[in-house]
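Here's the structure, in structure tokens; my notes come after.
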Amino acid sequence: MVCPFHLSKEGPDTESLIFCCDLCSYEGKSKGDIASSPFCRYQFLQVLPFIEKNYPCRFNADKMIVTVPISSMKVLKEFASIINEYDKRFPEIFTQYPDIKQKLFSNPLAEYKKLKTSYRASKKRFVREFISALEETDLLTQAKAQFGDIVSLNQSILFENLLHITKKQIEYMEPIDPENKSNLINHYHIGPFNIQVLEYPRFPIEKVYRVVVALDQILSPRILQHLFTQHWQSSSIEVRLQSLEELLNNKISNYQNYLNSHFEELTELEQKNLAIYATAQSLNITKTMPLLLDDDVQEIYLDKPGSVYYLDHAKWGRCKTNLVPSNSELSHIITRLRLESRKPLDERMPSLKTELKTNLFHVRAAIDIPPLAYEGPHLNIRKLRMRILTLPELITNRTISLSAAAFLILCLTLRTNMTICGEPSTGKTTLANAINLLSPPSWRRIAIEDALESVTVDESGRHKVIFKVDPFDSLDKSRSTKSDEIIRLLHRSPDWVFLGELQTAEHSSAMFHAISAGIRGIQTCHANSNTDLLLRWRIHHNIPEVCFQGLGLLIHMTREVSQGQIIRRVAQISEVKFDSDTASLITLFEWDKTSGQLVQKIDDLITPLVSRTCKFQSISKQDIRIRFETYKKTLAELVSKGDYNPLVIVSAFDKIHGILLTNWNSTPSIPGKNQHCREEGNGFH
């Protein structure tokens, strides 16, 4: 095991070695306190000879920061270098006296005393020469000059008084007292990091997400030395301003090429993991990188500087972590967000939202700074999945029922307008993407978003245009707003439109204007229920109730925490009914708490809305029933196979659409089955 560390530029002329103790897998007492922990002293001293230049060092230890000044770094580095030199010149010393090197690194005074008393009488010249060389080091000569008898000197006194190693208590506390017993409930690897999810019996609701570096077997001082040198050589020639995606790609590629040419004994996976880890260090995002890489991490939070990251996990819900980003790392993140967004972040505009999309992760980040964030910068990172969740997956995890999913696909092909509402982080966009994924391949689709969330698969042969607009709270009024682009849809002839997050009265007004002009699509917005959404539009956004007749379907999603796990589900699917200038809702599907199912609430899903659409498009009810049953059986087949590859699912539905939407007189068959769809009874079952 070698201490994970990186070089941090903390000012124009200030550089420090930062040792990341919270990423170390060591669990012993006084972790990170090199004045008190022999193990940490050993790890520290074995690394020092491989670092050419002297730097002040800082350890982010448990509940404290341990600092080693540059003068003491020189003293310790000389002591460690002498030991390494004699290890190479006279290896028989270290063969004859096993563990002597480790003991000299971990307890210099105690092992020197043992050498002096036990081995001084040795007739072997090189042993006596080795002892003399140790006595001439600054570490022992300064100790003798200051304390006289160093044989009985306590190790902690040596390190704290002679070497001026300081300890500063810090405000944050570990997420859970390490003395409390924990249960390991999940364990997996993400690139160069080892993830442990722990449950403490005294705190069963909030789990602990613990990250350590998983490179113990290959992260030797020799490799660290080469990576360290390679990093600063490559950094010195990086003059051109690059995006984060370019930086990550270039650095990881350069490190991998370097490791491949210098360390042939490493596997391709080991080279890649080392390259990712070295890149995270060089960009000063070591504490943040594992959270960005983990697809099961859905949202990341930092309340203020000096506090731990905590997160929402797809399987385990709200978790605290063992990661405390340094002020330097937080500063780097803020700078990167400003660079990527090209927007101001200052006292006049203390909030910033932007998107970061790379080959490794896709996130939407929000940062708030003083004076708005009273205690210091606040960070919120929403993870956007690199791989889209499909409808078969959402059926499997019980977000939606099989019948409801088939009905939404039916309504999609009928170009029925859909609005998905719910509280923040309920899965609105995830469901919208899963539905949009299955749109007929010939459709011309347009997306209007302030954050790119309309995830797609291979667009080869498909037609899609994305318009990215500024957030509604942007100070830059020179570009088009979301409302402007919604109005312009009338001249762009879309078959289907995705509107990401309708937020303001202006957005709502523009949407209803587009609907009344015949534009159809799917949109997301915030509301506590379908009924509350109508109230919000009518009362807060001043939308005349007569405009509601073009709404089509309202889909309400909820987010619950049960036994520490986050559960997202479709709670209600409603159809907007309009009679005598009054809008009301017909509930088609509703979550039933007793049965734990999304229950169909009406006998026949050829509803007034579907019936009107059939009449307008000259589609018979029998054809509608065939469509529904075909979609339902296709979904059931995909769910039973457990194949959630988006390309496979899209291909299956493209074939179905090719049959159903072009030939109404033939009875289609289900892919993979010699079975025909039949109308079952008078309604959908």
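The values are calculated or read from the model by the stated rules, or taken from the named source; none is laboratory data. Computed from a predicted structure; not experimentally measured. Here Cβ is always computed from backbone atoms with ideal geometry, including for glycine, and neighbour counts include all displayed protein chains.
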Go through (1) assigned by TED's automatic domain parsing to the domain that holds T531; (2) more than 35 Å from the chain's Cα centre (by Cα); (3) not charged (D, E, K, R) for Q617 and report which single condition fails. (1)
Of I624, I656, the only residue that is at pLDDT 90 or above, farther than 21 Å from L394 by Cα, part of a helix (DSSP H, G or I) and in contact with a helix residue (DSSP H, G or I) (Cβ under 7 Å, 6 or more places away or on another chain) is I624
Search result, residues across the range 530-546 that are surrounded by 18 or more Cβ atoms within 10 Å (Cβ to Cβ) and within 37 Å of the chain's Cα centre (by Cα): N530, L533, L534, R536, W537
Please tell me if Q281 is at pLDDT below 85, within 21 Å of the chain's Cα centre (by Cα) and of a type in the set (S, T, N, Q). yes
Taking the residues in the range 65-79 that are of a type outside the set (S, T, Y) and touching a Cys at 6+ places or on another chain (Cβ under 8 Å) as candidates, determine which candidate is surrounded by the fewest Cβ atoms within 10 Å (Cβ to Cβ). M73
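For D13, indicate whether it is acidic (D, E) and either more than 30 Å from the chain's Cα centre (by Cα) or modelled with pLDDT of 80 or more (or both).
Working: acidic (D, E): yes; either more than 30 Å from the chain's Cα centre (by Cα) or modelled with pLDDT of 80 or more (or both): yes.
Yes: the conditions hold for D13.
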Hey, which of the strands (runs of 3 or more DSSP E) in the range 157-215, taking only ones fully inside, have at least 3 residues that are at pLDDT 80 or above and touching a Ser or Thr at 6+ places or on another chain (Cβ under 7 Å)? 193-200, 203-213
Between residues in the range 31-46 that are free of Cβ contacts under 8 Å to residues at least 40 places away in the same chain and residues that are hydroxyl-bearing (S, T, Y), which pairs lie under 8 Å by C-beta distance while being six or more apart or on different chains? K31/S37; S37/S30; C40/Y26; C40/S30
Restricting the range 547-562 to residues that are touching a residue at least 24 places away in the same chain (Cβ under 8 Å) and either among the hydroxyl-bearing types (S, T, Y) or farther than 30 Å from Q617 by Cβ (or both), the residue that is surrounded by the fewest Cβ atoms within 10 Å (Cβ to Cβ): V561
Which condition from (1) in contact with a helix residue (DSSP H, G or I) (Cβ under 7 Å, 6 or more places away or on another chain); (2) under 28 Å from N397 (Cα atoms) is the one that G317 breaks? (1)
Hey, among the residues in the range 301-354 that are surrounded by fewer than 19 Cβ atoms within 10 Å (Cβ to Cβ) and among the aliphatic types (A, V, I, L, M), which one's nearest to I367 (Cα to Cα)? I334
Tell me, yes or no, whether the range 564-576 has at least one residue that is within 20 Å of L394 (Cβ to Cβ), in the same structural domain as T413 (by TED's automatic domain parsing), touching a helix residue (DSSP H, G or I) at 6+ places or on another chain (Cβ under 7 Å) and of a type in the set (V, I, T). yes
Is the range 587-599 home to any residue that is surrounded by fewer than 20 Cβ atoms within 10 Å (Cβ to Cβ), among the hydrophobic types (A, V, I, L, M, F, W, C), at pLDDT below 90 and not in a helix (DSSP H, G or I)? no
So N397, is it of a type in the set (S, T, N, Q), surrounded by fewer than 22 Cβ atoms within 10 Å (Cβ to Cβ) and at pLDDT below 90: yes
